[in-house]
Structures are given as C-alpha cells and as structure tokens.
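K.L.:
To start, I am sharing the structure in question, which I have written as structure tokens.
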Amino acid sequence: MNKKQRNYNRRYPYEYNIFRTAFYLWFLYFVVHPFMWIFYNYTITGRENLPPKSKSGKFIYTANHVSHFDPPMVSMACARPIAYMAKKELFEKGDKFEFLVKRLGAFAVDRTKPEIATFKTVRDILSTSWSLGVFPQGGIRPYGSELGDLKKGFIVIAKNAKADIVPVAIGGFDGYPKLKPFTRRNVRLHVGKPISYKLSEEEIIYEWCKQISEHADYVNVAPIPENYKQIEQV
C-alpha cells in the first residue's frame, strides 16, 4: 500500500522552528553566497529600507521573476529567512527542486484556484520570525520589457494578513552561469521601500511596478492612480 503523499499547501508554525531556521541560514551563507560570488558579478543596494529584524515576520517580500535563482537571491539581498509561495508542481516526487523547496520552508499553491489553506499557511508563517516571499508575476518571465499584468493575489494576501509589501528589484540579469573559467554573469539586487497594505489595489500595483522599474530594465505600464501625488507625500 502506497503511503499518502503530504500536501504542502498547508504548513504550520512549528515547521519554522530553530532547526529549520538554522538550516536555512546555513544554506544561505555557505551555499548561496559562495555560488553567487563565483558565478556572478552582483551588487546589493537598498538594505537601509529593510524593516528591523524584530518586525521582519510581518512583511511580504515581492520581486520580479526572471530565473530559478530568484528565491535564494532575494533571501541573500534581505539576509533573513523567507518562506516562498511556489507552484505545486515543484513539490511532486522527482522534480529537481523538490528536496530544497520542502526543506527551505516553501509552500505549494494551485495557480488555477485559491485555497483556504494558503491563507492559513500565510497567517501561520507570519506569526513566526520568518517572512513571506511572493513573485507577483506568477511565474518566470523574460527579463526587461513591460512590467504589468500582475497576479493580484499578493495584494489579497497582504491585506488579509495586514502585512506591508517590500519590493525587491532583480536588475541587469543576463542569464544562468557559464561553465567557463573566469566568466561571470551580472545581476543587481535592490531592496525597495515598504508599501503599505492599507493603500488601494491600484496604488499598490503602481507603486510596486514603479519601484521595480526604477532599479531594473522594465517599462512601468501600470496606470497612475488619481491620488498618487498624495502617496508620494506620505
């Protein structure tokens, strides 16, 4: 009789304990950092915009999505444990990312329909010292060009959880590593200013696109909200 496979769309606070946190940080500093140093010319800016670590569990980190390396790069830029929403296919037995996504605290989402379990998992993650990671584009997209047509679920999640949104721009990305000595790819990482979940949907989308576009090679096609000048003065 086959053992029933766990559904990773529901994860609980006890799973984000000191042991998983220690493993996550070990992976970040002893795997991700050396890998990036060897294969990429990278810069990290905007860390002054990061929320204090004492409050980091109440924020959602959101980035443009250009590669499979985005989650570790965002975590490296923010220097804290982040549990990412990931498509359910990555959790299936035999997928090349299955081992890591399960052990690094990610949770599965069904892109075709929202699930109550997703909101419960988000609530439980944000009750711990961990933060939440979401890619509003909904999947890997070609780098550059226009930035729009976002999946608005990240706004629903932010408002439901009462969590502000921190945009992280991945700029200048020119591809996966070349397996040639002394040849490095390029990437820029910029942590933006937190966006209040209390703003309207249109304001959040425009401000997110604006901050990402300013630090990556995109054109912001999101419409400007009528009261955007008031946002700038806050």
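The values are calculated or read from the model by the stated rules, or taken from the named source; none is laboratory data. Please read all numbers here as calculations on a predicted model, not as lab measurements. Cβ placement follows ideal geometry from the backbone for every residue including glycine, while neighbour counts extend to all protein chains displayed. To get the accessible areas, we keep the full protein, side chains included, count just its heavy atoms, and leave off ligands, DNA and RNA. Shrake-Rupley method; radii C 1.70, N 1.55, O 1.52, S 1.80 Å.
K.L.:
Dividing the convex hull volume of the alpha carbon atoms of segment 163-203 by its residue count, what do you get in Å³ per residue? Walk me through the intermediate numbers first.
P.N.:
Numbers: hull volume 4.0 nm³, N = 41.
In segment 163-203, the Cα convex hull volume per residue is 98 Å³.
K.L.:
Still on this structure: Pull up the cross-link candidates among the aspartates and glutamates for Lys159, meaning alpha carbon to alpha carbon under 18 Å and not fewer than 8 places away within one chain.
P.N.:
List returned: Glu115, Asp124, Glu201, Glu202, Glu203, Glu207.
K.L.:
Would you compute, from DSSP H runs of 4+ residues alone, the mean residue ellipticity of the chain at 222 nm, taking -39500 (n - 2.57) per run and dividing by the full residue count, rounded to the nearest 500?
P.N.:
Helix contribution divided over all residues of the chain: -8500 deg cm²/dmol.
K.L.:
Ignoring ligands, DNA and RNA, how do Ser196, Ser127 rank by accessible area with a 1.4 Å probe, largest first?
P.N.:
Sorted by accessible area, descending: Ser127, Ser196.
K.L.:
Still on this structure: Starting from the amide H of Asn9, placed 1.01 Å from N in the peptide plane, find each other amide H under 5 Å away whose residue is 5 or more places distant or on another chain.
P.N.:
Those lying under 5 Å, H to H, from Asn9 are Ala108.
K.L.:
Kindly work out what percent of the DSSP beta bridges joining two residues of the chain are antiparallel, to the nearest 5.
P.N.:
In the chain, approximately 20 percent of DSSP beta bridges are antiparallel ones.
K.L.:
From the phi angles alone, apply the Karplus equation (6.51, -1.76, 1.60; θ = phi - 60°) to segment 130-142 and give each ³J(HN,Hα) in whole Hz, x where the residue is Gly or Pro.
P.N.:
Rounded to whole hertz, the list is 7, 10, 10, x, 9, 10, x, 6, x, x, 5, 10, x.
K.L.:
Right, here's the next one. Calculate how large, on average over all directions, the projected area of the Cα convex hull of segment 99-169 is; give the answer in nm² to one decimal. List each step's numbers first, then the result.
P.N.:
On the way: hull surface 23.5 nm².
Taking the Cα atoms of segment 99-169, their convex hull projects to 5.9 nm² on average.
K.L.:
List the pair-distance distribution P(r) of segment 123-234, using every Cα-Cα distance, as the percent of pairs falling in each 10 Å bin from 0 up to the bin containing the longest distance, rounded to whole percents.
P.N.:
13, 41, 30, 13, 4, 0
K.L.:
For segment 133-152 and segment 84-120, what is the centre-to-centre distance using only Cα atoms, to the nearest Å?
P.N.:
18
K.L.:
Ok, one more. 7 Å from Cα along Cα→Cβ at both Val31 and Leu179: what's the point-to-point distance in nm?
P.N.:
Calculated label separation equals 2.0 nm.
K.L.:
Over the chain, what lengths in whole Å, largest first, do the semi-axes of the equivalent ellipsoid take, defined as the square roots of 5 times the eigenvalues of the alpha-carbon gyration tensor?
P.N.:
Working through the eigenvalues yields semi-axes of 26, 23, 17 Å.
K.L.:
Can you work out the Karplus-derived ³J(HN,Hα) for every residue in segment 86-102? Use 6.51 cos²θ - 1.76 cosθ + 1.60 with θ = phi - 60°, whole Hz, and x for glycine or proline.
P.N.:
Along segment 86-102, the couplings run 9, 4, 4, 4, 5, 9, 6, 4, x, 5, 5, 9, 3, 4, 6, 4, 6 Hz.
K.L.:
Expressed as a fraction of 2.2 N^0.38 Å, the rule-of-thumb size for a compact globular protein of N residues, what is the C-alpha radius of gyration of segment 37-117?
P.N.:
Numbers: Rg = 14.4 Å, N = 81, 2.2 N^0.38 = 11.7 Å.
Dividing the Cα Rg of segment 37-117 by 2.2 N^0.38 Å gives 1.24.
K.L.:
So how compact is segment 15-80: Cα radius of gyration and Dmax in angstrom?
P.N.:
12.6, 34
K.L.:
Another one. Just going by the charge dipole of segment 92-158, with Lys and Arg at +1 and Asp and Glu at -1 on Cβ, which of Val109, Thr121, Gly133 is farthest out on the positive end?
P.N.:
My answer, from the dipole projection, is Thr121.
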